[in-house]
2 protein chains.
Amino acid sequence: MKFRLLSLLAMATVFTASAQDSLTFRKISNEIMVHGTCYDNLRVLCKTIGNRISGSPAAARAVEWANKTMKETGADKVWLQPCDVPYWYRGKESLYLTFNGEYQKVDATSLGNSQGTDGKTLNANVIMVYNFDEFKALPESAVRGKIVFFNYRWRQDFIFTFNGYGDAVKYRGAGPSTAARKGAVGIIIRSMSTGEDDFPHTGGTHYNDSFAKIPALALGNKTADKLEAACKAGHVMAKLNSECHMMPKLVRSYNVIGEIKGSEHPERIITIGGHLDSWDIGEGAHDDGAGVVQSMEVIRAFKALGMKPKCTIRAVAFMNEENGQKGGQAYADSARAKGEKHVLAIETDAGGFSPRGLGFVMSQPQRDKILKYKDLWIPYGILDFSHDEGGSDIEPMKEKLDVPLAGLVPDCQRYFDVHHTNNDVFETVNHRELKIGAVALAQLIWTVSEQGLD
Amino acid sequence: MKFRLLSLLAMATVFTASAQDSLTFRKISNEIMVHGTCYDNLRVLCKTIGNRISGSPAAARAVEWANKTMKETGADKVWLQPCDVPYWYRGKESLYLTFNGEYQKVDATSLGNSQGTDGKTLNANVIMVYNFDEFKALPESAVRGKIVFFNYRWRQDFIFTFNGYGDAVKYRGAGPSTAARKGAVGIIIRSMSTGEDDFPHTGGTHYNDSFAKIPALALGNKTADKLEAACKAGHVMAKLNSECHMMPKLVRSYNVIGEIKGSEHPERIITIGGHLDSWDIGEGAHDDGAGVVQSMEVIRAFKALGMKPKCTIRAVAFMNEENGQKGGQAYADSARAKGEKHVLAIETDAGGFSPRGLGFVMSQPQRDKILKYKDLWIPYGILDFSHDEGGSDIEPMKEKLDVPLAGLVPDCQRYFDVHHTNNDVFETVNHRELKIGAVALAQLIWTVSEQGLD
């Protein structure tokens with residue numbers, strides 16, 4: 001009995017977090033909360049470069065900024081990893097709708113990747129449906145030559161807003177080709193938006209090559225309400241003019257990578273990343289400037305504290321998450337080509353909000369190994385480990401190299417107010433919320449670097 | 001063995017949450033998230049009345065608004081409960097400081113309850129200390145006739161910001177009398193502020209009657225930084241003029257109470273409240289318009305859903321939380337005088353942010369009884385039950401009647417950016433975050449009403 005107790009105690013020593021781990025967590029937190037530079041870095045990115053869609057001159061400037069800023073973290077090595085990305089160009093756009101028979105200009109934004117009208121004005125009647133089921137029930141004759149208004153409302157009853165996004169986003173992704181199949185000449189959607197405001201949200205759409213590539217625009221919630229009322233009241237006409245199009249050629253761009261060489265297992269790599277590109281409106285503050293500066297903050301904090309992680313730690317500012325994932329593909333392809341051993345890849349791309357948890361896409365034993373340390377995160381408000389969370393940029397690491405993935409889970413209530421809008425600006429990011437996210441990421445990375453996942 | 005298993009199953013039925021409980025939680029959530037009126041009510045309170053310090057005409061209008069709005073929830077009964085409150089009046093105020101020898105007007109706000117200069121200009125030199133220890137070390141001769149600048153910085157290393165507040169707030173509360181004891185003629189403090197901005201924060205100070213009641217003002221962080229630099233560089237002079245004072249007489253005011261009569265135990269009362277008064281700047285949106293409208297929302301949701309709680313449920317808009325707690329005292333005094341049986345009193349006064357937990361001040365068995373249902377709150381992100389959380393307005397219920405207390409624990413990262421400032425306005429409240437707080441409160445109330453606490 002005595003022996004049994006002793007061996008249990010020995011197991012406890014091996015398997016549970018120690019007071020030293022708790023102090024290490026605190027040390028990381030204090031460094032980032034008091035001396036962190038991520039918030040100031042985000043201000044520079046947002047205010048001197050602003051939005052930076054893949055392939056654009058702004059994206060090229062963002063690469064320069066990331067290269068310089070990554071070096072300032074004290075990383076042992078910083079380099080650019082090439083990738084060739086699509087460049088979708090918006091140009092001018094305008095939408096006029098009739099309310100009580102009078103044309104009024106409304107605030108609308110073309111969906112990313114969509115094809116405009118080549119600068120010619122498209123005149124068409126608007127037909128409203130609330131969802132795809134209603135649309136399916138319509139005869140082709142009711143649709144042909146019309147602009148379809150997919151007036152699908154965000155379901156506010158979903159508490160986890162990413163579920164609401166998953167529910168609604170099909171209208172953005174599949175709306176144009178669904179409508180074109182019955183001869184529609186354009187679509188308007190109600191934005192994927194939790195907002196009690198009128199910001200239209202862009203975001204990627206996808207054409208099915210079998211059908212016409214018709215123009216597609218989003219309205220903010222208030223304008224969508226107004227259009228809904230007008231459609232109910234009678235006949236609505238639209239004048240739509242837009243120059244947006246996909247550029248014919250790919251553009252050379254880069255992931256920006258900073259690295260701390262591992263002190264014991266330099267060949268074992270842990271990646272933390274966010275994406276540097278954004279859509280071409282707003283400032284890409286939450287999506288995903290926040291993730292980029294948090295990733296850099298992890299490197300800076302370890303260096304500032306003189307902590308020498310056993311494994312190699314890489315911060316990556318990925319390019320082209322929004323419409324191609326070419327950066328994520330290039331990173332995984334390079335890892336495979338070089339035969340790199342990746343222990344864990346982590347993404348932070350759900351906004352710079354107060355962190356609530358860490359999510360995992362990995363085996364149960366790997367998850368259990370991390371969760372042995374979960375009590376250490378209680379003082380940091382990191383209590384939710386229930387999500388399967390990775391990220392688009394690191395997904396290829398899973399697919400091509402079977403690398404375990406993790407992701408930061410911030411509070412999600414405000415994300416889809418600002419996501420892909422002109423309101424995704426620096427001012428909507430709180431300095432403490434942003435920093436605590438970086439704290440949680442650095443703590444996770446340290447834990448896995450020291451303890452391994454096997 | 002079989003018998004043992006059966007009895008365990010029977011216990012499980014008695015002691016754990018059922019699928020029905022889960023459905024009830026969902027029903028409450030859907031009602032509030034989709035049809036909730038709390039956000040619209042908060043807009044009206046903030047935009048048509050604005051700030052509403054106890055005793056002011058605005059507070060009287062807020063009582064009228066609360067009386068009307070409480071009736072709109074469908075409460076069985078709504079009434080006003082009188083209390084006599086102090087009325088602190090700000091009037092005009094100005095502070096000029098010398099930077100490089102030139103007077104410049106700065107944005108400063110008198111601390112609540114403080115005494116001004118009767119409209120006369122006070123000229124004095126400024127002496128800076130970083131904390132009370134430094135101040136104690138100063139000889140009286142260094143302090144006499146001076147304005148003391150308590151330049152204590154908010155500790156950003158505290159993750160739970162209420163700990164940072166508890167650490168710093170002594171400079172606001174005890175600063176004036178501490179300084180007056182050595183002959184100071186006024187104080188300036190760095191605000192109790194997490195903000196990377198320049199909003200000065202007001203909030204209550206307290207005079208020790210043994211010493212002179214000297215004027216006390218707060219600076220925002222950026223102006224405090226500027227004054228710090230000026231004090232380090234040399235001599236700083238101040239011109240201070242303010243009219244603020246406590247009015248000589250108490251003013252009759254009211255708590256506003258709405259009630260649903262209990263269907264089985266009408267004599268058992270559960271209270272949910274926030275405070276209707278605010279400081280006299282900003283709009284009192286997070287502090288505590290949010291708590292008032294959330295409390296009303298609980299009543300509205302039960303009524304809209306046709307749910308008939310076993311116990312009597314009261315929503316209370318308390319008066320005078322900020323500088324006297326006269327409403328909370330009146331509520332407890334009335335309960336004691338009438339011999340009322342109170343099962344639980346809950347307060348929501350920590351901002352209308354995304355809820356993260358529920359806190360309790362009650363016996364361990366009572367806490368354990370609620371925590372048997374804690375898994376039901378997982379889908380709502382309510383994961384933190386570690387705080388001892390009540391509230392100033394319900395504290396007298398504990399002291400005088402030994403009533404168990406509970407409180408909503410929202411995310412606290414942004415609260416002390418806006419707390420007691422001109423920036424505590426409706427626009428800083430998110431509609432979903434506010435509503436989910438009301439959801440969690442209604443779910444807690446329903447659980448305790450149906451299951452009891454004994």
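So the values come out like this:
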{"read-out": "Among (1) away from chain B (no Cβ under 14 Å); (2) assigned to a loop (DSSP other than H, G, I, E, B); (3) surrounded by 19 or more Cβ atoms within 10 Å (Cβ to Cβ); (4) not basic (K, R) - the single one A:G306 does not satisfy", "value": "(3)"}
{"read-out": "Test: residue in segment A:56-71 that is at pLDDT below 95, surrounded by fewer than 17 Cβ atoms within 10 Å (Cβ to Cβ) and farther than 24 Å from A:K261 by Cβ", "value": "no"}
{"read-out": "Counted residues, segment A:38-57 - those being away from chain B (no Cβ under 14 Å) and either free of Cβ contacts under 8 Å to residues at least 12 places away in the same chain or not in a helix (DSSP H, G or I) (or both)", "value": "8"}
{"read-out": "Subset of segment B:348-365 [in contact (Cβ under 8 Å) with a residue 60 or more places away in the chain, part of a strand (DSSP E or B) and more than 12 Å from chain A (Cβ to nearest Cβ)]", "value": "B:L358"}
{"read-out": "Qualifying residue in segment A:400-407 (condition: among the hydrophobic types (A, V, I, L, M, F, W, C), away from every other protein chain (no Cβ under 14 Å) and part of a helix (DSSP H, G or I))", "value": "yes"}
{"read-out": "Positions within segment A:187-225 being surrounded by fewer than 17 Cβ atoms within 10 Å (Cβ to Cβ) and farther than 24 Å from A:W88 by Cβ, in sequence order", "value": "A:E196, A:D197, A:K222, A:D225"}
{"read-out": "Test set (1) part of a loop (DSSP other than H, G, I, E, B); (2) farther than 25 Å from B:H35 by Cβ - B:A345 fails condition number", "value": "(1)"}
{"read-out": "Residue check, A:L122 touching a residue at least 40 places away in the same chain (Cβ under 8 Å), outside the structural domain of A:A332 (by TED's automatic domain parsing) and out of contact with any strand residue (DSSP E or B) (no Cβ under 6 Å at 6 or more places or on another chain)", "value": "no"}
{"read-out": "Residue list for segment B:16-25, restricted to those being buried (at least 17 other Cβ atoms within 10 Å of the Cβ) and either within 14 Å of chain A (Cβ to nearest Cβ) or modelled with pLDDT of 95 or more (or both)", "value": "B:T24, B:F25"}
{"read-out": "Given (1) out of contact with any Phe, Trp or Tyr (no Cβ under 9 Å at 6 or more places or on another chain); (2) surrounded by 24 or more Cβ atoms within 10 Å (Cβ to Cβ); (3) within 14 Å of chain B (Cβ to nearest Cβ), number of the condition A:D157 does not satisfy", "value": "(2)"}
{"read-out": "Hits in segment A:366-378 (condition: surrounded by 14 or more Cβ atoms within 10 Å (Cβ to Cβ), of a type outside the set (A, V, I, L, M, F, W, C) and part of a helix (DSSP H, G or I))", "value": "A:Q366, A:R367, A:K369, A:K374"}
{"read-out": "Test set (1) loosely packed, with under 12 Cβ neighbours inside 10 Å; (2) in contact with a helix residue (DSSP H, G or I) (Cβ under 6 Å, 6 or more places away or on another chain) - A:V106 fails condition number", "value": "(1)"}
{"read-out": "Test for A:K338: is it closer than 24 Å to A:H420 by Cβ and out of contact with any helix residue (DSSP H, G or I) (no Cβ under 7 Å at 6 or more places or on another chain)", "value": "no"}
{"read-out": "Boolean, A:D375 is more than 14 Å from chain B (Cβ to nearest Cβ) and acidic (D, E)", "value": "no"}
{"read-out": "Selection count where residues are of a type in the set (F, W, Y) and either within 18 Å of A:S242 (Cα to Cα) or more than 25 Å from the chain's Cα centre (by Cα) (or both), scope segment A:171-212", "value": "2"}
{"read-out": "Residue ID - surrounded by the most Cβ atoms within 10 Å (Cβ to Cβ), chosen from residues in segment A:160-173 that are touching a residue at least 40 places away in the same chain (Cβ under 8 Å) and not aromatic (F, W, Y)", "value": "A:R172"}
{"read-out": "Selection count where residues are among the small types (G, A, S) and under 23 Å from the mean Cα position of the chain (by Cα), scope segment A:78-114", "value": "4"}
{"read-out": "Neighbours by Cβ (under 9 Å, 6+ apart or cross-chain): first from segment A:235-251, over 22 Å from A:Y89 (Cβ atoms); second modelled with pLDDT under 95 and not polar (S, T, N, Q)", "value": "A:H235/A:G101; A:M237/A:G101"}
{"read-out": "Residue count, segment B:108-127 (criterion: touching a Ser or Thr at 6+ places or on another chain (Cβ under 6 Å) and within 13 Å of B:Y96 (Cα to Cα))", "value": "1"}
{"read-out": "Number of positions in segment A:327-357 that are within 13 Å of A:V448 (Cα to Cα) and within 18 Å of the chain's Cα centre (by Cα)", "value": "2"}
{"read-out": "Those residues of segment B:416-454 which are within 12 Å of chain A (Cβ to nearest Cβ), closer than 28 Å to B:G112 by Cα and in contact with a helix residue (DSSP H, G or I) (Cβ under 6 Å, 6 or more places away or on another chain), in sequence order", "value": "B:F416, B:V418, B:F426, B:T428, B:V429, B:L434"}
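Here is a yes/no grid of residues against (1) modelled with pLDDT of 95 or more; (2) under 30 Å from A:P57 (Cβ atoms); (3) assigned by TED's automatic domain parsing to the domain that holds A:Y207:
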residue	(1), (2), (3)
A:M307	yes, no, no
A:A317	yes, yes, no
A:Q329	yes, yes, no
A:E340	yes, no, no
A:G359	yes, no, no
A:E389	no, no, no
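The values are calculated or read from the model by the stated rules, or taken from the named source; none is laboratory data. Not measured: the values here are computed from a predicted model. When we count neighbours, we look across all protein chains shown, and the Cβ atoms used for this are built from the backbone with ideal geometry, even at glycine.
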